[in-house]
Each structure stands twice: as structure tokens, then as C-alpha cells.
Amino acid sequence: MPRLLLLLAGLVLAACDTDGPGPAPGPTTFQGVEVEAEGDATLAVEGGALVVSGLGGTREGGFVVDGTPDRVDVQIDPLAVPAGTRFGVEVRDGDDVVTALYNEGVGDGRVDLRFDFPGLLGVTAAAVRYKFGGQVVFEARLGFEAGRARGQRRETSAGTGEGDTGSTHVIRDRGRYIVVSDSDGDGGRRAGGCAGFRMTPPPPFDVELDAPICADWVEVEPILTTQVPRGTIAVRGRGVGSFRVRELASQ
């Protein structure tokens, strides 16, 4: 082959080489809200939905909402969370997590709702509420361990349940962030006709009930006397493969 053709072939192969790093992903706008991928996630708008992918295996990531909003509502296609995976929402002040609520798969179609607040906020307890059809069906106050180091996260369970998550919310009210996980609630997916989560509250409240509670909305509110800093809000998953956002609103 003439030398010129060899040189051209080398240039074509170099142009097709995909081993090098690609361009850094930029912000994506979905339903008027600017979001940006983080972690291992990639974002694409397809068929009227925001598709968040790249989260198989041990890969983790999601998207962060632009600014420091007072409220973010994310509606997703119903998402199963198998054992060893997680999906949820967190609020951050810089690198510090202000509050978080995650559905963590524990097997047999069940999830443990884990939440935490950093000790630096002075949170000593949290109110957990299960709601169904907008009405409170269970409410409890959960304390945290005393004497934890300042700034250390204080993870506690809000209960274990069966059901697919369909949405997550963050609500800033009176200077604190309330975090929410809710079911899609399309009806009759659970045994006994429960259109939502079948929840078992955390100890010691689990021993007080004869049967699981049907709920379509689980919220956690910190008990504290000071305001927490405004934070950025991120929706994240680990090991879930991908999820589709149907609606996104930020205020």
C-alpha cells in the first residue's frame, strides 16, 4: 500500500478510537428544570422522560438539581429495589449531607427505608409518618444514639416494607428539610389490595402492631430548634441499572 494510503488509514483509525475520555457531560434541562449527572450516571431525554442510566452492578450516581430549592418533586416509573441496591434522595451542603432517605433492598421484594441526619445539625430525634390517601395512619418519634461525634451521620430506619417506589420528594418547611418516599399507588399491587407500601415500623413499634400498615407516603422530619442551611438536592441510585423520571418540579 502506498505510504499516503497508510497515513490516511492511520488517521481514520485514530478518529475511531474510543478508548480515550469523552467530553464531560453538561447540564440537561428537563421540564424546565436544569439537572446535571453525577457519579456513574448518564442522562438522556427520551420519549418525554428523563432517563438516568449507567447504574448497574456496584455503580452509583444520579442527578443533582440546579440551585438550592425549597421543594423538589420527582415522579418516576415504578422502580423495584432488589437486595443490595438502593434508591433515594439526599440534601447536601457542600460535601456534607444535610439529610437523606433511601430505599435499600433487603431481599424477598422488601426494602428498608434508611434515613440519617448529621450530628452537626443538632438533630436528636425525627418524626416518622406513614400516610395513605393523605391521612396519617402511623406516626412515631425516633431518637438517635447519644454521644456520637460531631458531624457523624446518624443513620436510623424508618421501617421495612414491600412495594415499588414511584417518587421521591424534598420539602423545606420552617427551616428544616423533610424527606419523603412514596409508592406509585396505582392500586392492588400488594397482597390484601394495598395500593402502595406494606410497611412494618421500626423497633420498638413493630411489636405493637398485628399486621403491616398500608401506606403510599412515608415522610421523615427532623426534630431540631435551629434552621439548617439551604442545600443542593440529588436523586441517586446504586445497582438499579436505570430509572425513568416522568415529572420533575423544583421551587
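Rounded to the nearest 10 square angstrom, VAL81 shows an accessible area of 10 square angstrom against a 1.4 Å probe. Heavy-atom accessible surface of THR42, to the nearest 10 Å², is about 80 Å², with a 1.4 Å probe and all protein chains retained.
One way to sum up the overall shape of the stretch 26-70 is the equivalent ellipsoid from its Cα gyration tensor, whose semi-axes run 19, 14, 7 Å, largest first.
I'd like to compare 126-134, 217-225, 162-170: which one has the highest average count of other Cβ atoms within 10 Å, and what's the full order after that? Write out the running numbers ahead of the final one.
Values: 126-134: 18.0, 217-225: 19.8, 162-170: 22.9.
Averaged packing, sorted descending, gives the order 162-170, 217-225, 126-134.
Taking the Kirkwood radius as Rh and the Cα radius of gyration as Rg, the stretch 41-100 has a ratio of Rg/Rh equal to 0.96.
Show GLU90, GLU60 ordered by accessible area, largest first, where the area counts protein heavy atoms only and the probe is 1.4 Å.
Ranked list, largest accessible area first: GLU60, GLU90.
The values are calculated or read from the model by the stated rules, or taken from the named source; none is laboratory data. The structure presented is a predicted model; accordingly, all values stated were derived computationally and were not measured. Cβ coordinates were reconstructed from backbone atoms using ideal geometry, including for glycine residues, and neighbour counts include every protein chain displayed. What goes into the accessible areas is simple: the full protein's heavy atoms, side chains included, and nothing from ligands, DNA or RNA. Shrake-Rupley method; radii C 1.70, N 1.55, O 1.52, S 1.80 Å.
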